[in-house]
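Scroll down for the structure; my scribbles are underneath it.
Each value in this text was obtained by applying a stated rule to the coordinates, not by laboratory testing. A quick note: this is a predicted structure, and the numbers were derived from the prediction, not measured. Ideal geometry is used to build each Cβ from the backbone, glycine not excepted, and the neighbour counts take in all protein chains shown.
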Amino acid sequence: MMSLSLFFLFSLPFIGGLSLFFVGRQDNLRKNLSLVIFLLSLCSSVYLLFRPEASWSRYIFNGYTLTLGLGKLSRLILFSANLISALICLYSKDYISVKRGYYSWFLWLLALSNLQILATDFILFVLSWVGSIFILYALLNPGSRSSARKAATILGFSCLCFMIGAYIYCRFSGSTSMSAGMSMVLNRPICWLAFSLMLIGALAKTDAWPFHTWVPAASESAPVTVMAILPASLDKLIGVYLLSRICLDLFILNGFVVAILLIIGSLTIIIAAMLALTQHDLRKMLSYYTISQAGYMVLGIATANAVGIVGAIFHMFNNAIYQNGLFLVGGAVEKEKGSWDLGKLGGLARYMPLTFVSGLVFALSISGVPPFNGFASKWMIYQGVFLGLTSSGHFWLRFVYLFALVAAMFGSTFTLASFLKFIHAIFLGQDNHPEKKPSGETYRGMLIPLLILSGLCIILGVFSNYFIKNLLAPSFSFVLDYGGRWNSLFVALFFAGALILGFILWRLTSGARKVREDGFFIGGESVSGRPVFPATEFYKTIEEIPLFRAAYNFVKSKEWDLRRIIKRKKE
């Protein structure tokens with residue numbers, strides 16, 4: 001039964017996507033049928049979540065056997081991927097006008113993602129990765145052929161690098177299995193070449209710097225559901241999983257590799273967060289934060305200690321939840337107001353209270369505010385980096401750890417600042433586009449995924465210790481023991497009590513408010529109307545500060561755009 005469920009996770013979405021082409025013009029039937037298939041796949045992943053490790057294999061040809069395997073960590077990733085895919089399918093029913101092939105591409109993407117998670121050999125993993133690149137191109141191409149080509153070029157190049165590196169590794173190990181038990185020591189140039197090529201593939205899969213440039217480009221034209229399921233969710237789940245396998249199972253890291261990964265993670269955090277801070281387009285702002293959060297995961301794995309690694313994997317799950325939710329909140333807002341420009345939004349909390357609450361939860365989660373899930377995983381990554389700083393005996397490596405710790409903290413500060421602008425511009429500020437009034441709360445099919453995802457942010461934050469101890473830590477061979485644990489349930493109860501008390505006091509005094517209203521002193525000049533504080537002016541002058549001006553010129557430079565480099569080489 002278990003082995004059949006593994007095969008079912010690939011075959012059902014694939015056959016289902018193929019069958020949708022024969023439905024014709026019956027859009028409702030296509031939507032409902034695809035949702036049923038997504039839910040069946042989700043049920044299968046739930047069944048496997050509570051079962052022991054399993055495998056399914058079939059002989060193909062020439063001595064090659066197709067094998068799917070389910071480990072302790074991969075089953076959690078499998079469940080997360082299927083849950084998020086089902087929620088996005090439900091959201092799409094009310095959000096997007098159905099185009100022929102849309103749901104088929106999504107089902108095939110899920111099938112290939114399940115294959116990548118379940119693959120136990122490099123051949124199957126690479127083939128399913130190549131297939132997912134074609135699917136990504138098909139999903140991006142209707143919006144912008146240029147961004148589709150850019151994404152395919154960067155991801156195709158990285159996949160080719162990984163393929164060559166995996167071939168070298170397999171030649172040494174004598175097997176195409178990803179779990180052959182051989183950890184390669186980086187003591188020869190050929191070993192370094194294999195590691196470097198495979199690392200390029202894993203970093204590109206996580207959208208880390210400098211392989212990130214296709215994400216903001218695609219966000220301007222792609223449907224928000226595509227951005228939510230790929231760079232925000234599936235890419236991170238599979239990419240970080242692949243990176244962890246490379247660094248923990250396939251190769252033995254040394255101090256130089258740790259330093260390189262720490263620098264890449266730090267630059268990913270800082271560069272993307274700085275670019276997001278000054279964005280006025282909601283899609284681009286969120287796309288930069290999908291990149292920035294990848295930096296934290298790279299940092300956690302680079303620490304090479306139990307606390308940092310488990311924190312990175314925990315952050316991988318958390319990011320898939322709140323980043324996906326943020327894109328879906330943006331889609332709900334755009335559907336009501338018809339704009340992604342933060343300068344044309346505002347005042348939506350009155351009309352869309354549940355969307356506002358969900359967006360607030362996601363914003364606090366990604367900013368690392370307790371007791372939400374983003375804080376729990378970031379706290380572990382900070383501890384992992386600090387532990388590496390204190391335990392390292394090499395001066396330069398300690399300096400790199402210190403740089404990474406400062407970058408992570410500054411990244412969190414920039415994130416909180418950006419999402420203060422996010423909340424003010426969309427929900428709490430003045431309505432800057434009053435000619436298009438929202439009709440009220442968003443559609444039920446779009447609201448349910450938001451409520452489920454925001455609820456998960458709270459649950460994984462409040463019960464983070466339980467999740468880490470009983471589900472994440474047993475997935476690794478090392479013992480997780482760190483002194484920085486905190487009572488998340490107590491903090492959650494404290495915050496809830498403060499909110500309840502504040503609400504009671506507000507209700508008791510709401511009938512007799514004593515609020516003084518006063519005018520604005522502007523040097524004796526007369527003024528008509530009330531001054532406004534548009535969110536688009538937040539942090540606008542930060543680029544003009546001399547120190548920051550040089551930094552922004554650096555991060556905005558397109559000299560490291562991989563597609564530009566590849567095109568230049570061809571010429």
Stretch gain in nm, segment Ser339-Ile545, where the contour uses 0.36 nm per residue and the Cα spacing is subtracted: 71.1 nm
Cβ-based exposure ranking for Ser158, Ser113, Ser5, in which fewest neighbours within 10 Å come first: Ser5, Ser158, Ser113
Packing-based exposure ordering (other Cβ within 10 Å, fewest first) of Ile309, Ile133: Ile133, Ile309
Summed residue charge, Cβ within 15 Å of Ile264's Cβ, Lys/Arg positive, Asp/Glu negative: 0
Extension gain (nm, one decimal) between Asn470 and Leu193, 0.36 nm per residue minus Cα-Cα: 96.0 nm
Ellipsoid semi-axes in whole angstrom, largest first, where each is sqrt(5λ) of the Cα gyration tensor of segment 327-416: 38, 14, 8
Residues Thr413 and Leu186, FRET efficiency given R0 of 30 Å [Cβ-Cβ distance, rounded to 0.05]: 0.30
Rounded to whole Hz, the Karplus (6.51, -1.76, 1.60) HN-Hα couplings of segment 348-364, x for glycine and proline: 7, 4, 5, 8, 10, x, 6, 5, 4, 4, 4, x, 5, 4, 5, 5, 5
Peptide ranges 26-34, 378-386 listed from the most packed, as the mean C-beta count within 10 angstrom indicates: 378-386, 26-34
Two-decimal Rg to Rh for segment 274-507 - Kirkwood Rh, Cα set: 1.01
Residues with amide H under 5 Å from that of Asp121, placed H, sequence gap 5 or more: Met178
Label-reachable residues, segment 298-337, where backbone N falls under 12 Å from a point 7 Å from Ser391's Cα toward its Cβ: 303-310
From phi via Karplus (6.51, -1.76, 1.60), per-residue ³J(HN,Hα) for segment 291-303 in Hz, x at Gly/Pro: 6, 4, 5, 4, x, 5, 5, 5, 4, x, 5, 5, 4
Amide proton proximity set for Phe251, modelled H, under 5 Å, gap of 5+: Met184
Whole-Hz ³J(HN,Hα) from phi, Karplus 6.51 cos²θ - 1.76 cosθ + 1.60, for segment 388-404, glycine and proline x: x, 4, 7, 9, 6, x, 9, 4, 5, 5, 5, 4, 5, 4, 5, 4, 5
Principal axis box of segment 299-351, alpha-carbon based, largest edge first, Å: 47, 17, 16
Whole-Å distance, taken between Cα centres, linking segment 369-384 and segment 262-281: 19 Å
Nitroxide proxy distance, nm - points 7 Å out along Cα→Cβ at Arg444 and Asp481: 5.3 nm
